[in-house]
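Notes for the one structure printed next.
The values are calculated or read from the model by the stated rules, or taken from the named source; none is laboratory data. Remember, it's a predicted structure, so these values are computed and weren't measured experimentally. Virtual Cβ from ideal backbone geometry, glycine too; neighbours counted across all protein chains shown.
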């Protein structure tokens, strides 16, 4: 199956957004043993625009990943804005749509959800400075290079496996979801 994608990443935003730069750099920097070798189709990024469109597209992509086999994983990246309490509340919105679309709970639970509170810029601010306030929007980035550098730093943190002081709650929640995938795949990262 030379052409099969190993990770499908649905996200908010457009192809040129910092989200896609951050996700791409993070996944390529993590290089988990269970991903394809460099040079092949390691991940497929699919920007969906708005969060409502992302929620609508998730059941279809979940079905595609399940049809592709156990080695294909769906990751969903979204902002958990102030109109939802936390990652679990936003995940419940995704489940409501998935359930209405006929997705089984076991299949839904295989999705890896990565939800930044307010915006991904808050994580980038934390990774650059060691602090952020998730109750307000992090500063907008002028250069996508900052997103790539922050993603590389996050990959280094994940690889080290050491506790991180003052980690934003949404980043901690998302890291737990990543670690659950790593455990499921039986990999060291």
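Looking across the stretch 79-92 at every residue that is surrounded by 17 or more Cβ atoms within 10 Å (Cβ to Cβ) and either closer than 16 Å to residue 135 by Cα or more than 13 Å from the chain's Cα centre (by Cα) (or both), the one that is modelled with the highest pLDDT is identified as 90. All conditions but one from (1) outside any loop (DSSP other than H, G, I, E, B); (2) closer than 16 Å to residue 79 by Cβ apply to residue 137; the one that does not is (1). Screening residue 169 with (1) touching a strand residue (DSSP E or B) at 6+ places or on another chain (Cβ under 9 Å); (2) buried (at least 16 other Cβ atoms within 10 Å of the Cβ); (3) within 14 Å of residue 126 (Cα to Cα) gives one miss only, at (2). Being on the phi > 0 side of the Ramachandran plot and either out of contact with any helix residue (DSSP H, G or I) (no Cβ under 7 Å at 6 or more places or on another chain) or modelled with pLDDT under 90 (or both) holds for only one residue in 156, 118, 106, and it is 118. Close contacts from the stretch 36-50, counting a first residue that is at positive phi and a second that is modelled with pLDDT of 85 or more and surrounded by 12 or more Cβ atoms within 10 Å (Cβ to Cβ), with Cβ to Cβ under 9 Å and a gap of 6+ residues or different chains, come to 49/12. Residue under question is residue 72, and the condition is that it be farther than 21 Å from residue 50 by Cβ, buried (at least 22 other Cβ atoms within 10 Å of the Cβ) and either in contact with a helix residue (DSSP H, G or I) (Cβ under 8 Å, 6 or more places away or on another chain) or modelled with pLDDT under 90 (or both); does it hold? For residue 72, the condition - farther than 21 Å from residue 50 by Cβ, buried (at least 22 other Cβ atoms within 10 Å of the Cβ) and either in contact with a helix residue (DSSP H, G or I) (Cβ under 8 Å, 6 or more places away or on another chain) or modelled with pLDDT under 90 (or both) - is not met.
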